[in-house]
Amino acid sequence: MTTPTPDQWAAVIDAAGDDPSVGAVASALAEADTVGLAAAEAAVESALADGVLTETDAGLFGAVEVAARDGDGETNGDCETADTPDTADDETADTDTAASTWAEVDWHTTETGVYPVAWAERRQWMGHTSGEKQPFAPWGDRDAPADCDDHPTTAAECHCDARWKWGYTGHYTTLDDAREWAEKHPKLAGLTYLLLDDDPHAFVDGDDVRCPETGDIHPAFTEALERLGVSYADVSVSGSGIHVVYEGDLPKRVNQVVKDVDTEPWGANDDPPTVEIYDHKHVCVATGQKITDTPTTVRQWDSDGLETLLDGWGELPDDPVSAERSDQFDAEEYDATATSADETATDVRDVFAAIDRLNARHVAEDTICDEWLEPRTGENRCFRPTWARSDYTGTAVYCDRDKFVDTGNRNGYGGPVCMAAIDCPDLTVTDRDCPGAVDGETWWRAVDHLRNLGYDLPEFEPNPEPADRLESTGDDEEDEIREFLADVIRG
């Protein structure tokens, strides 16, 4: 349970009624923070002992209130709040005093409460809980018509709480409102920015690349960032990671990037450092703990530098068909001709469109999910995969509507075709291999396995017209699609 701040205690006491007793405050805290009453009572007693709360003679059993604080925000009891060294309070502002290269950045000096200007201007914010940092909108309507991944309906019709559905844009709010709620609501431990598919921004998440004790950054991470250029950066909640926000898109055929940059832990971390890059729908934890030498603006990344980086990492697929290519396919812009298993497709995009219609959670149940685990709220549902021990109860592996993701050391991820490839008895693909190994003939055999499991996917028979005779249409995008289809036909 996260220790409430004075403002959060004030909100709990207000919810407990007039002149609330210790028991009433504990009950209100237990309800707000969804913890046991004993834990809530212990938290109240601890706050009283630390001087954060005081008890007066008001009411029949005495009343609890927040201790008076001086102008610096410190309580007048024995508990003092010291400023973090090398940290200065600030508000979101557009400044241009940033370093020009990452080699010039002092990673040890930060500013608090400073968020990327481009994100601050958007109404795409929610709070998040402690621990697994689940997005949560306590200001929202629990019965809002948010799509429910656990039931074929919306939260308005089932028992699920819509406030946990981060895909529901009706609960998004402004940065200022989210900050105010995070300061006062006991269940919230911080803020999340919801990156959407049509955002012009990309999110680079360096996990375990920063030593939480010294603040030193892994050289492989800074080397990668040098290829992209300097932009807004903040320190993660744990202090062991770095987030960098850019404007830009990943190359076509690259859905996301997850790359280990070392095999050994860096500094005082327990796990090896990993770099993740997203440019589509993603939950981005935003701490506002900005690296002082970085700008508040979100800058365009160096696209050529990105291509070089990803090529060096082996993240640029070049096979005619692959998990990455099918995941990147935009089904909304395509009208399929063949749509069911009893039809034959002559255009591979019909197969892509059929795969796009699949719910990854349903496929996971038939392939790689041994058991669904708690927590079950939100868009991401955790599960014990078939490759884990029978006593595994962690939360590192989850599945949303599109794909499974392993956020632990194995780092695999992928959509329905990857799950089928892992499950297919005729293939030797493991979760660690995904999505990179699922291409060419492996991809087609995984699609066949999905069809054998009962999923409605059309058979594919390419048009017999020789691919070499495809002529230019004069439209670059159409020509690229035609060349891609030609690659498929050639095999």
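Can you work out which of the residues in the stretch 408-420 that are part of a loop (DSSP other than H, G, I, E, B) and buried (at least 22 other Cβ atoms within 10 Å of the Cβ) is modelled with the lowest pLDDT?
G412
Being of a type in the set (A, V, I, L, M), over 30 Å from G206 (Cβ atoms), touching a residue at least 60 places away in the same chain (Cβ under 8 Å) and surrounded by fewer than 23 Cβ atoms within 10 Å (Cβ to Cβ) is the requirement here; does L358 meet it?
yes
Would you please name the residue that is nearest to the chain's Cα centre (by Cα), looking only at residues in the stretch 448-461 that are crowded, with 22+ Cβ neighbours inside 10 Å and among the hydrophobic types (A, V, I, L, M, F, W, C)?
Only one residue fits best here, namely L450.
Can we say V405 is within 29 Å of V261 (Cβ to Cβ), among the β-branched types (V, I, T) and assigned to a helix (DSSP H, G or I)?
Answer is no for this residue.
So which residues in the stretch 221-238 are free of Cβ contacts under 8 Å to residues at least 60 places away in the same chain and surrounded by 17 or more Cβ atoms within 10 Å (Cβ to Cβ), if there are any at all?
F221, S236
Scan the stretch 35-78 residue by residue and report those that are modelled with pLDDT of 60 or more and on the phi > 0 side of the Ramachandran plot.
Answer for the stretch 35-78, where residues must be modelled with pLDDT of 60 or more and on the phi > 0 side of the Ramachandran plot: G51, G62.
Could you tell me whether L188 is modelled with pLDDT under 95 and buried (at least 17 other Cβ atoms within 10 Å of the Cβ)?
yes
Here's a check for you: in the stretch 127-179, which residue that is of a type in the set (D, E, K, R), surrounded by fewer than 15 Cβ atoms within 10 Å (Cβ to Cβ) and without any contact (Cβ under 8 Å) to a residue 60 or more places away in the chain is farthest from H282 (Cα to Cα)?
Restricting to residues being of a type in the set (D, E, K, R), surrounded by fewer than 15 Cβ atoms within 10 Å (Cβ to Cβ) and without any contact (Cβ under 8 Å) to a residue 60 or more places away in the chain, the top hit is E157.
Looking at T294, T287, T274, T308 in this structure, which one is β-branched (V, I, T), crowded, with 23+ Cβ neighbours inside 10 Å and in contact (Cβ under 8 Å) with a residue 24 or more places away in the chain?
Answer to the check: T294.
With respect to T367, determine if the residue is buried (at least 20 other Cβ atoms within 10 Å of the Cβ), at pLDDT 85 or above, among the polar types (S, T, N, Q) and not assigned by TED's automatic domain parsing to the domain that holds V261.
yes
For every residue, the table says whether it meets (1) in contact with a Pro (Cβ under 6 Å, 6 or more places away or on another chain); (2) modelled with pLDDT under 90; (3) aromatic (F, W, Y); (4) not in a loop (DSSP other than H, G, I, E, B).
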| site | (1), (2), (3), (4) |
| --- | --- |
| R376 | no, yes, no, no |
| I422 | no, no, no, yes |
| H449 | no, no, no, yes |
| E478 | no, yes, no, yes |
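β-branched (V, I, T), at pLDDT below 95, surrounded by 14 or more Cβ atoms within 10 Å (Cβ to Cβ) and part of a loop (DSSP other than H, G, I, E, B) - does that describe any residue in the stretch 114-126?
Checking the stretch 114-126: not a single residue is β-branched (V, I, T), at pLDDT below 95, surrounded by 14 or more Cβ atoms within 10 Å (Cβ to Cβ) and part of a loop (DSSP other than H, G, I, E, B).
Go through the stretch 429-442 residue by residue and tally those that are assigned to a loop (DSSP other than H, G, I, E, B), surrounded by fewer than 22 Cβ atoms within 10 Å (Cβ to Cβ) and modelled with pLDDT under 90.
The number of residues fulfilling the criteria is 2.
The values are calculated or read from the model by the stated rules, or taken from the named source; none is laboratory data. Predicted model, so just to flag it, every value in this text is computed and none were measured. Neighbour counts run over all protein chains shown; Cβ positions are idealised from the backbone, glycine included.
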